[in-house]
1. It is to be established whether one or more residues within segment 253-274 are in a helix (DSSP H, G or I) and modelled with pLDDT of 90 or more.
2. Give 159, 222 a once-over and let me know the one that is in contact (Cβ under 8 Å) with a residue 12 or more places away in the chain, assigned by TED's automatic domain parsing to the domain that holds residue 368, on the phi < 0 side of the Ramachandran plot and assigned to a helix (DSSP H, G or I).
3. For segment 281-380, please list each of the helices (runs of 4 or more DSSP H) lying entirely inside it that holds at least 2 residues being touching a strand residue (DSSP E or B) at 6+ places or on another chain (Cβ under 7 Å).
4. Are any residues in segment 127-148 touching a residue at least 60 places away in the same chain (Cβ under 8 Å) and either touching a strand residue (DSSP E or B) at 6+ places or on another chain (Cβ under 8 Å) or in a helix (DSSP H, G or I) (or both), and if so, which ones?
5. Looking only at segment 359-380, which residues are within 13 Å of the chain's Cα centre (by Cα), surrounded by 21 or more Cβ atoms within 10 Å (Cβ to Cβ) and farther than 14 Å from residue 324 by Cα?
6. Are any residues in segment 61-89 under 20 Å from residue 169 (Cβ atoms), surrounded by fewer than 16 Cβ atoms within 10 Å (Cβ to Cβ) and more than 29 Å from the chain's Cα centre (by Cα), and if so, which ones?
7. Among the numbered conditions (1) at negative phi; (2) surrounded by 12 or more Cβ atoms within 10 Å (Cβ to Cβ); (3) more than 24 Å from the chain's Cα centre (by Cα), tell me where residue 266 comes up short.
8. One residue is enough: does segment 100-111 have a residue meeting the conditions closer than 26 Å to residue 39 by Cα and touching a residue at least 60 places away in the same chain (Cβ under 8 Å)?
């Protein structure tokens, strides 16, 4: 009998240890799924921001009422009050002076829904945080990333209001393009950080001990290329936001040339390099196209290097995504430019669809590169 306990006790301890690991993994996956829900909601939020911009709705709500602004106007008197406030804005006085209450209700809806969805994201994160905290799902290593996550979310909300405020003064009929770009790039930073955090809880990086020395060196090169692509993509996305803010698509609605020229005239101005780089629409258009071609070439070369490397299941799923997405992104960019000649103010048509999809695929392309950086994170 005593001999049996000699064997059973170690087996029982091993079983308890295994159960503990399994339970810990389940908790981590639950937190990861919560974060991935936030990633999906953030993608929708950025897409709603695109719709808000394309419909010219961003300046329809002139106040930032975090609590009371949750509900839309519930009576005709409330609608008239808000419409009266909108009439004091430069956008109404200089651009939308012929708007009726019905027109105002349309643009109000998209800005209100954009803000409502942001509040919803905040609630989902707050409720999830409290639940996992009470259930003790959080490991000590998760606390710092969670604090950073909440700070980034709060900062993004503040930047959003600063952006809107820029269009409510002077003779501005839209928000300032530079602040729109800032709002957009911080949103992408929040998105990428949340996604990375989720990956760290759910996906496995490549186990470098299982690959050859040659493959290890190649993976190091692939990782370096990924960081280079991220840097170029960062500037490309900023210029995409500047394109949107300046409504620069239709300054050259031709392809492959720019108004019949490979290098268009008017690339410089007397404002100096920095102001020219963010205000000159033909320069912005030229740089945005040029960076797209550079990214396409780099990602094609990069993918050829990755194709021959074998890794785990996560690597197998993600290594071909960048080339697929950049191809779709370039095609959508061309279609957006070509369809910009048919823009009709106040009408949602082909251009708006292409522009919205172009923005969406741009976000997915960014996350696909984050996948590769994460997959190779354990390289020394």
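The values are calculated or read from the model by the stated rules, or taken from the named source; none is laboratory data. Predicted model, so just to flag it, every value in this text is computed and none were measured. Cβ: placed from backbone, ideal geometry, glycine included. Neighbour counts: every protein chain shown.
1. no
2. Criteria check complete, one pass: 222.
3. Hits in segment 281-380: 281-307.
4. Passing the criteria: 128, 132, 142.
5. 359
6. 84, 85, 87, 88
7. (1)
8. There is at least one residue in segment 100-111 that is closer than 26 Å to residue 39 by Cα and touching a residue at least 60 places away in the same chain (Cβ under 8 Å).
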